[in-house]
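See structure below.
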């Protein structure tokens, strides 16, 4: 691992632009906010009680098989850890001054991605969005797992540029947990913007039919733009 450390250390000579710092801060704060307001409630009451209160996905999964319910909780835990730890992997100061901490957090992050993705594949067929949810969230889980594996294999080969590129792609998929919750209210309010009659159940069903793909496809486009802009392998 000494060779990896030496490869990482030169980033100390490259100051981080203000825009990059602002963007990183926004990503970190929104990730923490989503974990606090969307993930944490699942650990404050039983799934049945949460379903009665119509909290998140609880109404969908409260009546499913215990294995599916367990996978839901594993997915929430894996996704929450990955969302919060992920931005720390892009903190240049941490990579330069504490490479050992960077490596430990990297293992934690990729472990969280692995369990979150596998659990996501298990719960995808039960998505309230039906086949669109199954294929959209299922594809997201597969890509989440594959990009994480590619990032791990790249750093094992000491190919730092490729590792950085795959980590950007992977966190773009992780960040779908945030963008899903941004797109959903926007799509819910879309009928009002065009003056169409608003009926919540119908609007929610239409919105949730779009987000299984919309929550991560634009993220990957932005990720590839960032990768090319930084001169990393695309």
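Computed from the coordinates by the stated procedures, all read-outs in this text should not be read as laboratory data. Model, not experiment: these values are computed from the prediction. Quick reminder, even Gly has a Cβ in these numbers, built from the backbone with ideal geometry, and neighbours come from all protein chains shown.
I'd like to know if segment 178-188 contains one or more residues that are surrounded by fewer than 14 Cβ atoms within 10 Å (Cβ to Cβ) and under 24 Å from residue 110 (Cα atoms).
Within segment 178-188, not a single residue is surrounded by fewer than 14 Cβ atoms within 10 Å (Cβ to Cβ) and under 24 Å from residue 110 (Cα atoms).
Among the residues of segment 147-178, how many are in contact with a helix residue (DSSP H, G or I) (Cβ under 8 Å, 6 or more places away or on another chain), outside any helix (DSSP H, G or I) and more than 18 Å from residue 215 (Cβ to Cβ)?
1
What do you reckon, is residue 66 free of Cβ contacts under 8 Å to residues at least 24 places away in the same chain, touching a helix residue (DSSP H, G or I) at 6+ places or on another chain (Cβ under 7 Å) and on the phi < 0 side of the Ramachandran plot?
no
Failed condition for residue 212, given (1) more than 19 Å from residue 86 (Cα to Cα); (2) surrounded by fewer than 18 Cβ atoms within 10 Å (Cβ to Cβ), with all others met?
Result: residue 212 fails condition (2) only.
Mind counting the residues in segment 181-219 that are under 24 Å from residue 27 (Cβ atoms) and not in a helix (DSSP H, G or I)?
The number of residues fulfilling the criteria is 2.
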